[in-house]
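Single-structure report; data block below.
Quick note: the coordinates plus some simple rules give every number you see, no bench work behind them. Fair warning: this is a prediction, and the values are worked out from it, not measured in the lab. Using ideal geometry, Cβ is built from the backbone for each residue, glycine included, and neighbour counts are taken over all protein chains shown.
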Amino acid sequence: MRTSPVEGSVLRASLRSSRPNFLLLAPLCAGLAVTSAWHDGHAPMGIDVLLVMVGALLAHASVNLFNEHHDFTSGLDSTTTRTPFSGGSGSLPENPAAASAVKLAARLCLASGT
């Protein structure tokens, strides 16, 4: 099944809005917590570690998506000069039609990660 160019661009905007380059931080921090607990004598269980990692990743993606959506709808994106660490991904100013999809993705990530 092929997606239309509009669907593809909305999906791409949603993915970019999650800031995938920064999502590595969540599993690294959760992994540090698991390692610390293991060091203190609490043996990690495989499924528990997996759930913690997935939950941390989804929570981080949710925060990034909500932030991207809020910055776009509040007008902040239009007044901010983008840098690698400021101004968001730029996907919503480039594709305003994707704003509702980004908000939906944020809600889905939040609901899935909790």
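Annotations
- A99 meets the conditions (1) under 14 Å from A13 (Cβ atoms); (2) surrounded by fewer than 12 Cβ atoms within 10 Å (Cβ to Cβ) in every case but one. The failed one is (2).
- Every pair of residues 6+ apart whose Cβ atoms lie under 8 Å, when the first sits in segment 43-54 and is over 12 Å from L32 (Cβ atoms) while the second is exposed (fewer than 11 other Cβ atoms within 10 Å of the Cβ): none
- Any hit, segment 54-73, residues being charged (D, E, K, R) and either more than 15 Å from the chain's Cα centre (by Cα) or not in a helix (DSSP H, G or I) (or both): no
Table: residues versus (1) touching a residue at least 40 places away in the same chain (Cβ under 8 Å); (2) farther than 21 Å from A105 by Cβ; (3) of a type in the set (A, V, I, L, M); (4) loosely packed, with under 13 Cβ neighbours inside 10 Å.
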site: V10; (1), (2), (3), (4): yes, no, yes, no
site: A13; (1), (2), (3), (4): yes, no, yes, no
site: T35; (1), (2), (3), (4): no, yes, no, yes
site: L57; (1), (2), (3), (4): yes, no, yes, no
site: E68; (1), (2), (3), (4): yes, no, no, no
site: F72; (1), (2), (3), (4): no, no, no, no
site: F85; (1), (2), (3), (4): no, yes, no, yes
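- Within segment 15-47, the residues that satisfy the criterion of being in a helix (DSSP H, G or I), over 21 Å from the mean Cα position of the chain (by Cα) and not aliphatic (A, V, I, L, M) are T35, S36, W38, H39, G46.
- Top-ranked residue in segment 78-112 [being part of a loop (DSSP other than H, G, I, E, B) and in contact with a helix residue (DSSP H, G or I) (Cβ under 6 Å, 6 or more places away or on another chain); ranked as nearest to N21 (Cα to Cα)]: S89
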